[in-house]
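Working notes, structure below.
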Amino acid sequence: MTVHNLYIFDRNGSCLHYGEWNRKKEAGISKDEEFKLMYGMLFSIRSFCSKMSPLDMKDGFLSFQTSKYKLHYYETPTGIKIIMNTDLGVPNARDILHQIYSTLYVEYIVKNPLCVLGEQLSSDLFSTRLDLYIRALPFFSPRAA
Amino acid sequence: MAIFSVYVVNKAGGLIYQFDNYVPRAEAEKTFSYPLDLVLKIHDEKVVVSFGQRDGIRGMSSVATSSGVFRILLFAIGSQLSPEVGSSGIEMLETDMFKLHCFQTLTGIKFIVLADPRQSGIDALLRKIYEIYSDFALKNPFYSLEMPIRCELFDQNLKGALEIAEKAGNFGPGS
C-alpha cells in the first residue's frame with residue numbers, strides 16, 4: 001500500500017504544492033500543464049457530480065478509482081483543494097487529508113507571516129513536515145524499485 | 001431505492017439508454033409572488049427551472065451532455081494523469097450521496113450505474129447488465145449498433161436485474 005503523489009491547489013487553480021513519493025509513470029506533459037489538467041479535471045468532475053446527484057450533496061465528490069490507483073479529494077470552505085493519489089488498498093483518506101490541512105497547512109503556511117497565499121509554497125518546514133507525515137502513514141511503504 | 005440510475009454510453013460518447021429510478025423527495029409546496037427569481041421552461045412534459053436558484057430549487061441540465069463529457073473524463077484524463085502504468089479509465093467515483101460505477105467493454109460500450117454508497121454487488125450487476133444487453137439488444141435483428149436502445153425485453157430484464165441486485169441476491173446461472 002502506498003501513496004503516489006499529492007497536490008495542493010488554491011481556489012484560483014494555481015498549484016501551491018506538489019509532492020511525489022512513489023510515482024511510476026509520468027504524465028508526458030510539463031508540470032504546469034499537468035497541474036492545469038488535474039485542476040480542470042476535478043472542476044469538471046465536481047460539477048458533473050452536483051448535476052448527477054439525486055439528492056443535495058453535503059460534502060460533494062470524495063474520491064474515484066481506476067484499475068490501478070485511487071484519487072482522494074478534500075476541499076476546504078476557502079477553496080483549498082488537497083488531492084492524494086494512492087494505490088487501491090486505501091479505503092478512506094478524507095480524515096488524513098483533513099489532518100494535513102489542519103495540522104500542516106494551517107500551522108506552517110497560514111500562520112506564517114512570510115508565506116504569501118496564492119503562490120507556490122516555498123516553506124521548507126512545510127515540505128519536510130509533510131514528507132514526514134506521509135511517510136508515517138500506516139499505509140505508506142516504500143516499494144522496492 | 002438503492003440503485004438510482006443506469007446509463008449506457010456508446011463508443012462515440014452518445015447516450016443510448018437511460019433509466020432513472022430515484023424516488024423524488026417529498027415535494028415541498030412553496031408560494032412565490034411576482035416577480036419570480038426563477039426562469040421556468042417546459043421540458044419533457046414537466047416544468048423545470050432553467051435559470052436561477054432559490055431555497056434549493058436548482059436548474060437541471062441535460063444528462064446526455066454530461067454523459068458525453070464524462071466519457072471523455074473516464075478514459076483519457078484518468079489514465080493520462082495516472083501515477084501508475086497501464087491504468088484504465090475511472091471505474092468508480094464516490095461522493096457522499098452516491099457511488100457511480102462504470103464498466104467499459106472491449107467494444108467501447110460503457111455501462112454506468114449510479115447507486116447508493118452502501119449498495120454492494122454492483123460489479124456483478126454491471127456484468128449482468130452487459131449480459132442482458134448482449135442477449136436482448138445485440139441479438140435483436142431490428143437493433144442497429146450504437147443506436148438508442150428501444151427493446152422492450154431489454155427494459156424488462158434490466159428492471160428485473162435491478163430488483164435482484166437491490167435485494168442483494170446473487171445472479172444464478174439461469175437468471
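The values are calculated or read from the model by the stated rules, or taken from the named source; none is laboratory data. Keep in mind it's a predicted model, so treat the numbers as computed, not measured. Cβ placement follows ideal geometry from the backbone for every residue including glycine, while neighbour counts extend to all protein chains displayed. Heads up: the accessible areas ignore ligands, DNA and RNA and are worked out on the full protein's heavy atoms, side chains in. Shrake-Rupley method; radii C 1.70, N 1.55, O 1.52, S 1.80 Å.
Annotations
- Of all the residues in the stretch A:77-99, those that are more than 13 Å from residue B:83 (Cβ to Cβ), buried (at least 21 other Cβ atoms within 10 Å of the Cβ) and either touching a Leu at 6+ places or on another chain (Cβ under 7 Å) or of a type in the set (D, E, K, R) (or both) number 3.
- When the stretch A:30-48 is filtered for residues that are of a type in the set (A, V, I, L, M, F, W, C), open to solvent by 40 Å² or more (accessible area, probe 1.4 Å) and either more than 8 Å from chain B (Cβ to nearest Cβ) or touching a residue at least 24 places away in the same chain (Cβ under 8 Å) (or both), only A:43 remains.
- Some residue of the stretch B:2-18 being farther than 26 Å from residue B:164 by Cβ, modelled with pLDDT under 85 and surrounded by 16 or more Cβ atoms within 10 Å (Cβ to Cβ): yes
- Within the stretch B:98-133, the set of residues being open to solvent by 30 Å² or more (accessible area, probe 1.4 Å), more than 22 Å from residue B:149 (Cα to Cα) and within 11 Å of another protein chain (Cβ to nearest Cβ) comprises B:99, B:117.
- The single condition from (1) within 11 Å of chain B (Cβ to nearest Cβ); (2) free of Cβ contacts under 8 Å to residues at least 12 places away in the same chain that residue A:21 fails is (2).
- Screening residue A:5 with (1) more than 18 Å from residue A:119 (Cβ to Cβ); (2) touching a residue at least 40 places away in the same chain (Cβ under 8 Å); (3) open to solvent by 50 Å² or more (accessible area, probe 1.4 Å) gives one miss only, at (3).
- Checking each residue in the stretch B:118-141 for being closer than 18 Å to residue B:18 by Cα and either assigned to a loop (DSSP other than H, G, I, E, B) or β-branched (Val, Ile, Thr) (or both) picks out B:122, B:129, B:132.
- For the stretch B:80-95, the criterion of being at pLDDT 60 or above, facing chain A (nearest Cβ under 9 Å), at positive phi and surrounded by fewer than 18 Cβ atoms within 10 Å (Cβ to Cβ) is met by at least one residue.
- Strands (runs of 3 or more DSSP E) completely within the stretch A:50-145 that count 1 or more residues being among the β-branched types (Val, Ile, Thr) and either modelled with pLDDT under 80 or under 23 Å from residue B:93 (Cα atoms) (or both): A:81-86
- Unique match (being closer than 19 Å to residue A:139 by Cα and open to solvent by 10 Å² or more (accessible area, probe 1.4 Å)) among A:58, A:68: A:68
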